[in-house]
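The values are calculated or read from the model by the stated rules, or taken from the named source; none is laboratory data. What you see is a predicted model; the values in this text were computed from it and never measured. Here Cβ is always computed from backbone atoms with ideal geometry, including for glycine, and neighbour counts include all displayed protein chains.
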C-alpha cells in the first residue's frame, strides 16, 4: 500500500510518517489489491480553532473511503481517523460477505428445486 502524507502548517518528520504507517498497517487485511491501493493523509494545524489538529485519511482502492478527525494533538487526531477508517472498512467487508452468502444460498435453493424436478 502506498502512503501520500501532506502537512499544512505541520512539518512531516520521519517519526510522524512512521507513526502513520504503523497505524494504517491494520488496513492491509481489508485492501483488495495491495499494489494499487493508496492512502492520502493530510495533517493540518488549525490555529484559528482553539489550536486543534486535523487529520484526514482517504483510502483509494476499488472503493473510496474518507475519515476526518480533530484532536488536541496530531497523534490523537490520527488515531481517531484511523479508527473510523477501519470501522468503515469492516462494515464494507461484512456487507460483501453477506451479499456473497445470500447469493450462494439462493443458488443452492435453486439447484435443490431443480433436482427435485428430475
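Among the numbered conditions (1) in contact (Cβ under 8 Å) with a residue 24 or more places away in the chain; (2) out of contact with any strand residue (DSSP E or B) (no Cβ under 7 Å at 6 or more places or on another chain); (3) farther than 20 Å from residue 63 by Cβ, the only one that residue 14 does not meet is (1). Every test in (1) buried (at least 17 other Cβ atoms within 10 Å of the Cβ); (2) part of a strand (DSSP E or B) is passed by residue 16 save one, and that test is (2). Scan segment 73-118 for residues that are outside any helix (DSSP H, G or I) and at pLDDT 85 or above and the total you get is 1.
Considering only segment 56-71, I want to know if a residue exists there that is in contact with a strand residue (DSSP E or B) (Cβ under 9 Å, 6 or more places away or on another chain), at pLDDT 90 or above, exposed (fewer than 14 other Cβ atoms within 10 Å of the Cβ) and not in a loop (DSSP other than H, G, I, E, B). Checked segment 56-71: no residue is in contact with a strand residue (DSSP E or B) (Cβ under 9 Å, 6 or more places away or on another chain), at pLDDT 90 or above, exposed (fewer than 14 other Cβ atoms within 10 Å of the Cβ) and not in a loop (DSSP other than H, G, I, E, B).
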